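Q: The structure follows.
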Amino acid sequence: MVNEPTLVVEIELPVKLSFRFQMLLEGEDGLAVVRCYDPEHKKQQLWTTPCQRTDLLDWLTTLPEALEVKVQAEWIWGDEIASRKSLLG
């Protein structure tokens with residue numbers, strides 16, 4: 001296995017829908033790991049690999065609008081230059 005960097009995709013998701021979102025993500029065997037880091041502001045992180053970036057972003061677009069998932073930012077973990085800098089634009 002190649003030592004691949006970790007891509008962090010920050011999303012906004014209503015707290016009341018977090019469990020449902022996690023259940024759906026678990027069905028996507030190995031696509032990402034979810035980390036709730038700021039429930040007060042509805043922010044969660046999805047940790048994955050750069051090679052799975054497109055699959056993850058495509059999957060997020062297939063989710064029901066009722067989940068209200070919004071991608072806020074993405075960056076490579078540990079990359080000091082790109083830290084917390086959005087790669088979406």
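Q: For Lys42, give me every one of the aspartates and glutamates with a C-alpha distance below 14 angstrom, ignoring sequence neighbours fewer than eight places off in its own chain.
A: By straight Cα distance, Lys42 reaches Glu10, Glu12, Glu68.
Q: A further question on this structure: Full-extension gain between Leu63 and Glu28, please, as 0.36 nm times their residue separation minus the C-alpha to C-alpha distance.
A: Details: separation 35, 0.36 × 35 = 12.60 nm, distance 1.22 nm.
Roughly 11.4 nm would be gained on extension.
Q: Right, another one. Given a cut-off of under 8 Å on Cα pairs at least six residues apart, what relative contact order in percent is computed for the stretch 7-76?
A: 52 percent
Q: If you don't mind, another one. What list do you get for Glu4, Glu10 if you sort them by fewest beta carbons within 10 Å?
A: Working: Glu4 11, Glu10 19.
Listing Glu4, Glu10 from fewest to most nearby Cβ atoms yields Glu4, Glu10.
Q: Subtracting the Cα-Cα distance from 0.36 nm times the residue separation, let me have the gained length for Trp77 to Trp47 in nm, one decimal.
A: In short, 9.9 nm is gained.
Values in this text are rule-based calculations from the coordinates and carry no lab data. These figures come from a predicted structure and were not determined experimentally. Glycine also receives a Cβ, built like all others from the backbone with ideal geometry; neighbour counts cover every protein chain displayed.
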